[in-house]
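A short write-up of the structure that comes next.
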Amino acid sequence: MKLKVVVCLLAFLSFSAASAFAQDVPKLDIFAGYSYVRENPSTSGVSGFNLHGGSASVAYNANHWLSAVADFGGYHANNILNSHVDGTVSTYLFGPRFSYRKFERVTPFAQTLFGVAHASGSGFGATSTNNAFAASFGGGVDVKLFHRLSWRPAQVEYLLTRFDETTTSRETQNNLRVSTGFVFHF
């Protein structure tokens, strides 16, 4: 009889601790911040260039370690490589995020996102657009400031795009995306 009471008490405490731990994880995280992209065309003889802009993401936290992420970004560059052409790249990426929530104030994460990138350029009175496959692989860290607010000091990702660089084929661009901003927890 005593053993049954002890087992029931331990089971109750375990379930209570698990539900209390699960309550500490917000169901929804919304990120907004600045992003820098280093665009690296694969065409030989063409140098890389920098784009500046912003990104936002929504993460639904399924549990304390797995989230579903929707990430949207927009980046712009003026006078690319002194060509008098301005360019904008937008990304629409979706996928899983894996978080390590073992620390009270710091949450590192890794994510793999897939989707579409849209590029548009204008110069010399002409405008061009291009859509391509895009993927990002990387991670970052969130630092809790308040119960509903965290600071993301760095999110660093490899950003792969497959834009047309010539009229005959799509090329792979191996880019870098670095973001910083704030995360709101709901």
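The values are calculated or read from the model by the stated rules, or taken from the named source; none is laboratory data. Keep in mind it's a predicted model, so treat the numbers as computed, not measured. Heads up, the Cβs are rebuilt from the backbone with ideal geometry, glycines too, and the neighbour counts pull from every protein chain shown.
Yes/no per residue for (1) in contact with a His (Cβ under 6 Å, 6 or more places away or on another chain); (2) within 15 Å of S57 (Cβ to Cβ); (3) assigned to a strand (DSSP E or B); (4) not basic (K, R):
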position	(1), (2), (3), (4)
K102	no, no, no, no
T129	no, no, yes, yes
F133	no, no, yes, yes
G138	no, yes, yes, yes
Looking only at the stretch 73-100, filter to residues that are surrounded by fewer than 16 Cβ atoms within 10 Å (Cβ to Cβ) and part of a loop (DSSP other than H, G, I, E, B); which one of those is modelled with the highest pLDDT? Y100
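Out of V58, V25, V37, V46, which single residue is touching a Lys or Arg at 6+ places or on another chain (Cβ under 6 Å) and either of a type outside the set (S, T, Y) or modelled with pLDDT of 80 or more (or both)?
V37
Give the stretch 63-72 a look and list any residue that's surrounded by 15 or more Cβ atoms within 10 Å (Cβ to Cβ) and not in a loop (DSSP other than H, G, I, E, B), or say none.
Residues satisfying the conditions are S67, V69, A70, D71, F72.
Each row is one residue, and each column tells you yes or no for (1) in contact (Cβ under 8 Å) with a residue 12 or more places away in the chain; (2) over 17 Å from the mean Cα position of the chain (by Cα).
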| residue | (1), (2) |
| --- | --- |
| N40 | yes, yes |
| V46 | yes, yes |
| H52 | yes, no |
| N63 | yes, yes |
| L66 | yes, no |
| G73 | yes, no |
| N82 | no, yes |
| T107 | yes, no |
| A117 | yes, no |
